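What follows is a set of notes on a single structure, which appears directly below.
The values are calculated or read from the model by the stated rules, or taken from the named source; none is laboratory data. Just so we're clear, the structure is a prediction, and the values are computed from it rather than from any experiment. When we count neighbours, we look across all protein chains shown, and the Cβ atoms used for this are built from the backbone with ideal geometry, even at glycine. Ligands, DNA and RNA are excluded from the accessible area calculation, which covers all protein heavy atoms including side chains. Shrake-Rupley method; radii C 1.70, N 1.55, O 1.52, S 1.80 Å.
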Amino acid sequence: MNDHDTVPLAAGRERGKMRACDADRNRVVEHLNVAYSEGRLSKEEYDSRLESALSARTYADLDQIVTDLPAARRAAAPPVRETNGFAIASLACGLAQFVFGPLATIPAIVFGHMARSQIKRTGGQGDGLALAGLILGWAAVILGILVLLLIVGVAMSAGMHGTMH
């Protein structure tokens with residue numbers, strides 16, 4: 001017996017002779033699925049390679065199945081889009097009207113329009129919040145105008161009734 005027989009395989013050395021596990025075979029099957037869906041393999045090629053992948057015993061067997069295919073690309077995680085700060089402020093001001101009265105009405109409207117403009121430009125999140133803030137702000141403006149018209153109407157009506165006597 002010589003030293004070569006007793007030395008374990010170093011990492012990466014003789015990789016092709018190492019036995020593959022189910023997870024390794026599944027990765028190759030997924031790689032074949034992607035290649036087939038992209039039109040790189042015919043149905044017959046796909047079926048043949050799939051059978052070979054499922055019965056592969058070593059890394060060399062698996063490598064031979066995908067050697068002529070481009071490396072599998074990992075799907076990039078979509079970037080996390082932050083909620084627009086003006087949208088949050090718009091909704092907060094719209095709700096604050098119930099506590100502080102009309103003091104928060106104009107900021108709710110201004111922040112809402114600023115948020116929606118930025119969201120359209122950058123693709124951020126929070127359009128619904130901005131819209132809710134705008135609706136609350138404009139509803140307060142419309143309600144204020146209606147109340148003012150009602151007060152003026154009542155005053156005018158009382159003035160007309162007062163002059164008729």
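Scan region 152-165 for residues that are assigned to a helix (DSSP H, G or I) and either open to solvent by 100 Å² or more (accessible area, probe 1.4 Å) or modelled with pLDDT of 95 or more (or both) and the total you get is 5.
Looking at region 96-108, can you tell me whether even one residue there is part of a helix (DSSP H, G or I), out of contact with any Cys (no Cβ under 6 Å at 6 or more places or on another chain) and either aromatic (Phe, Trp, Tyr) or surrounded by 23 or more Cβ atoms within 10 Å (Cβ to Cβ) (or both)? Yes, region 96-108 contains at least one residue that is part of a helix (DSSP H, G or I), out of contact with any Cys (no Cβ under 6 Å at 6 or more places or on another chain) and either aromatic (Phe, Trp, Tyr) or surrounded by 23 or more Cβ atoms within 10 Å (Cβ to Cβ) (or both).
Which one of these is modelled with pLDDT under 90 and either out of contact with any Leu (no Cβ under 9 Å at 6 or more places or on another chain) or open to solvent by 60 Å² or more (accessible area, probe 1.4 Å) (or both): Arg73, Arg27, Arg40? Arg73 is the lone residue from the list that is modelled with pLDDT under 90 and either out of contact with any Leu (no Cβ under 9 Å at 6 or more places or on another chain) or open to solvent by 60 Å² or more (accessible area, probe 1.4 Å) (or both).
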